[in-house]
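In what follows, a structure is listed as structure tokens, so that the remarks can point back to it.
Only the coordinates and a few stated rules stand behind these numbers; no lab work does. This structure is a prediction, so every number in the text was calculated from the model and none was measured. With ideal geometry, Cβ positions are generated from the backbone for all residues, glycine too; neighbour counts draw on all protein chains shown.
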Protein chains: 2
Amino acid sequence: MSDTQYIGIFDSGLGGLTVAKSIIHTMPEENILYFGDTAHVPYGTKSHKQIRELAVNDVRFLSRFPLKAVVVACNTADSVAMGTLQEQFDLPIFGVIEPASHKAARTTRNNRIGIMATSATVRSGAYEKAIHRYNENAQVFQKACPLLVPLVENGRYRKDDPVVQIVLKEYLDELTANGIDTLVLGCTHYPLLSEAVQSIVPELTVISSSEAAADALKRGMKELGLCETEGDGIQHYYVSDDAEHFEENARVFLGEDMKATAELAQI
Amino acid sequence: MSDTQYIGIFDSGLGGLTVAKSIIHTMPEENILYFGDTAHVPYGTKSHKQIRELAVNDVRFLSRFPLKAVVVACNTADSVAMGTLQEQFDLPIFGVIEPASHKAARTTRNNRIGIMATSATVRSGAYEKAIHRYNENAQVFQKACPLLVPLVENGRYRKDDPVVQIVLKEYLDELTANGIDTLVLGCTHYPLLSEAVQSIVPELTVISSSEAAADALKRGMKELGLCETEGDGIQHYYVSDDAEHFEENARVFLGEDMKATAELAQI
């Protein structure tokens, strides 16, 4: 197995597993190495300086293994640290913001796009910049949603949960008041909330940054000639803290049918 | 000012400011040095190993200044790391769990005490052990409340907030079903929720670990002959990340009348 090469995926915690799930579904023949920096979750409320340092450490950990590509499966890290990572590592690095922005820019019909994201992602303005590269007429309305990661990490994302309903409605009200027709779930935790979101605003087209990222990764890897052509990929999971509780929590993000255990990363 | 000595206080973030506030009210002549490890908030969901390492680093930072005592203003750190800290540092170290446990053990009339705390504090069993030292007949019912720190840190603690009401009710239901007559708010963030808690369970005696800690600190320092006898104390605040937002957030914990700015700690 010495020529096994991995797609290395990292996130601040478990949210990036929604990206891993989409990648496994889209490219089942690829080998996946997932690192969740659970010792430092959440990234979304940290300073840009600290997020950049953590992201570099994350890729440094993944680089101990033979990699053919890295996926920044965290909107916060992507929005703040992508430039730093591309400078420091000689690897194809894919993100989540570019694909979701591309998709949103082409999907909107009234050029009014809403973004739900963490405070750090909103502060970075990364979505607005990326969307304007594809559609300069689009107006982008952002809403920082700091309570959604804790809610999802505590298993509260179902559409019939009154807490989820109230909190989501508050966040969505400001966006819908601006007449958006397209909404980007700009955090890899948020795909779990997509049913709840659609139950509140069924008229909106909802774009998951996790699914968009997997599709774009496949296209990008094909262009670079990096795709596996056969076989079943393997998956390894690492976390930086509390590996024991990974299995039960991971099920929420990966889906009931995917069983995964994690090792504690020595970093 | 070379003979200025401080009471060093630390917490994972801003919750410990409720302890600082109580100490400033109880001992206005003391000099206070507060360190909030905002780069690593929250502690309550981390492993015991990581919490111990962080707590040692926190006291190491405080020790750069002339200290006469240290207050662990974080129930999670107290419950997991107090032994380690007392071994490693030659300073009087005071906590929050012992004082609240003592008060609860003497307050209960039916020997049924409820504890609301973080997951790590609950897992440690520290409250149960401490309460049994003072009242071996007491039954202790614990409830991990992982959503309360994110709610409070996002300014949601008011009793008329429907999200606060729903979440608190869920946590409290299990405790009240056990017939408790006394409830310990076993996290330094929770005193902000005490009005909301009392609105749901007005019949309970609610004990704030922050107030109990300040009272016990005063008694302990008197015994050790460490109290200042005159003058107005000064306060310095340090955080490990994002000092810019300290002022607005600190006001929530310290109260409207206390203005504080923080410096970024170089650790």
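Pairs exceeding a 31 Å alpha-carbon distance, out of A:LYS46/A:LYS222; A:LYS129/A:LYS218; A:LYS129/A:LYS169: A:LYS46/A:LYS222. Distances between copies at A:ASN137, taken between label points 7 Å from Cα along the C-beta direction, are 8.0 nm in increasing order. Highest GNM mean-square fluctuation among A:LYS103, A:LYS129, A:LYS49, for chain A modelled with Cα contacts below 10 Å: A:LYS49. Measure nothing fancy, just the Cα-based angle from helix A:97-107's long axis to the longest principal axis of chain A, in degrees from 0 to 90, nearest 10. Around 40 degrees separate the two axes.
Each Lys and Arg contributes +1 and each Asp and Glu -1, all at the Cβ; summed about the Cα centre of chain B, the dipole is approximately 860 debye.
Where the only charges are on Cβ atoms (+1 Lys, Arg; -1 Asp, Glu), what is the dipole of the protein assembly as shown about its Cα centre, to the nearest 20 debye? Please report the intermediate quantities before stating the final value.
Details: 48 positive and 72 negative charges, 64 e Å.
That gives the protein assembly as shown a dipole magnitude of about 300 debye.
Just check the range A:159-267 against the gyration tensor rule for me: Cα atoms, a ≥ b ≥ c as the square roots of the eigenvalues, rounded for a/c under 1.5, and otherwise prolate or oblate depending on whether a/b exceeds b/c. Since a/c reaches 1.5 but b/c is at least a/b, the shape of the range A:159-267 is classed as oblate. Relative to one another, the C-alpha centroids of the range B:154-195 and the range B:88-108 are positioned 22 Å apart.
On the rotation that sends chain B to chain A, the chain B Cβ lying closest to the axis gives residue and distance in whole Å as B:PRO150, 2. Helix-only arithmetic for the protein assembly as shown: the sum of -39500 (n - 2.57) across DSSP H runs with n ≥ 4, divided by the residue total, places the mean residue ellipticity at 222 nm at -13000 deg cm²/dmol. Its Cα centre serving as origin, the range B:97-209 has a Cβ charge dipole (Lys and Arg +1, Asp and Glu -1) of approximately 260 debye. Summary for B:ARG109: label point 7 Å along Cα→Cβ; distances to the equivalent points in the other copies, ascending, 6.7 nm.
For chain B, with a Gaussian network of springs between Cα atoms less than 10 Å apart, report the residue from B:PHE253, B:PHE65, B:PHE94 with the top mean-square fluctuation. Greatest mean-square fluctuation among the candidates belongs to B:PHE65.
The calculated P(r) of the range A:97-209, using every Cα pair and 10 Å bins from 0, goes 16, 52, 28, 4 in percent. Computed log10 I(q)/I(0) for the protein assembly as shown at 0.08 Å⁻¹: -0.55, from the Debye equation with unit scatterers placed on every C-alpha and solvent omitted.
Summing charges over all other residues whose Cβ lies under 14 Å from the Cβ of B:VAL163, with Lys and Arg as +1 and Asp and Glu as -1, gives 0. Computed over chain A with a Gaussian network model linking Cα atoms closer than 10 Å, the most mobile of A:CYS74, A:CYS187, A:CYS145 is A:CYS145. When B:ASP3 is represented by a point 7 angstrom out along its Cα-to-C-beta vector, the spacings to that point in the other copies are 7.8 nm, nearest first. With contacts taken as Cα pairs under 8 Å at a separation of at least 6 residues, the range A:1-122 carries a relative contact order of 30 percent. Just want the answer: with Cβ charges of +1 for Lys and Arg and -1 for Asp and Glu, which residue in B:ASN57, B:VAL96, B:TYR6 is farthest toward the dipole's positive end in the protein assembly as shown? Farthest towards the positive end: B:VAL96. Sorting the Cα pairs of chain B by distance into bins of 10 Å, from 0 upward, gives 7, 33, 37, 19, 4, 0 percent per bin. Summing charges over all other residues whose Cβ lies under 12 Å from the Cβ of A:ALA117, with Lys and Arg as +1 and Asp and Glu as -1, gives 0.
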